[in-house]
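> After the structure tokens below, expect a handful of questions from me.
Throughout, read-outs are computed from the coordinates displayed, never taken from laboratory work. Keep in mind that this is a model prediction, so the values were computed, not measured. All Cβ positions, even for glycine, are placed from backbone atoms using ideal geometry, and neighbour counts span all protein chains on display.
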Ligand code: PEP
């Protein structure tokens with residue numbers, strides 16, 4: 001663990017209805033006080049209701065994407081300003097599912113990050129290699145190029161978090177070895193424009209492996225998908241981060 005702020009961020013992806021806000025309430029009840037940051041990023045439809053449900057709690061609410069523009073003729077899109085207005089404080093950008101499903105380039109991610117910073121949101125910039133890229137020995141080249149291309153100009157620890165998420169580890173139950181995670185995070189730390197930017201690991205983080213991942217020097221927390229949906233799973237991950 002470095003000196004950067006610790007953060008456990010949950011990405012609900014396209015999951016969650018109003019009834020599921022009980023999971024957020026249960027998490028807030030379990031952690032009335034926190035030393036580390038804890039964030040839930042529900043689908044856009046739930047941001048406002050979750051912000052209301054968590055008002056006064058130690059848990060922050062975030063979003064999963066934003067448009068690079070401020071407003072206008074972009075049917076179906078949501079601007080960073082709208083997310084902030086709904087109660088989001090952070091926004092995940094460049095998740096591999098957006099890069100893959102929507103063809104998002106690092107340049108577009110950087111544009112979105114700029115818009116998010118203007119709206120006062122902290123950006124969580126996601127980067128990660130495919131399995132073929134890892135097998136070919138290109139992991140560091142790929143993630144360092146994504147990092148350089150995806151960060152907004154003026155990225156600092158006050159407005160930016162970086163999440164290393166190997167694509168082949170997302171939702172698969174597979175993770176890199178602790179040494180492999182350490183190698184990537186060490187290289188990322190050395191390449192950050194501000195060394196105090198928090199570096200999260202993401203990809204099949206569970207209650208059973210969180211503590212050993214958080215013990216890696218340059219890992220400052222986690223971006224968690226599946227295990228963030230239920231307080232009974234995300235709670236132990238938050239507790240492991242608090243204890244790290
Ligand atoms: C993610 O999609 O960001 C993620 C890390 O998913 P999971 O934890 O389910 O692997």
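> Could you go through segment 99-109 and let me know if any residue there is closer than 24 Å to residue 221 by Cα, in contact (Cβ under 8 Å) with a residue 40 or more places away in the chain and crowded, with 17+ Cβ neighbours inside 10 Å.
yes
> Another question about this same structure. Residue by residue through segment 170-199, note down the ones that are out of contact with any helix residue (DSSP H, G or I) (no Cβ under 9 Å at 6 or more places or on another chain) and buried (at least 16 other Cβ atoms within 10 Å of the Cβ).
Matches in segment 170-199: 182, 185, 189, 198.
> Mind checking which helices (runs of 4 or more DSSP H) fall wholly inside segment 1-93 and carry at least 1 residues that are within 16 Å of the ligand (Cβ to nearest atom) and crowded, with 17+ Cβ neighbours inside 10 Å?
In segment 1-93, 21-30 are the helices (runs of 4 or more DSSP H) which contain 1 or more residues that are within 16 Å of the ligand (Cβ to nearest atom) and crowded, with 17+ Cβ neighbours inside 10 Å.
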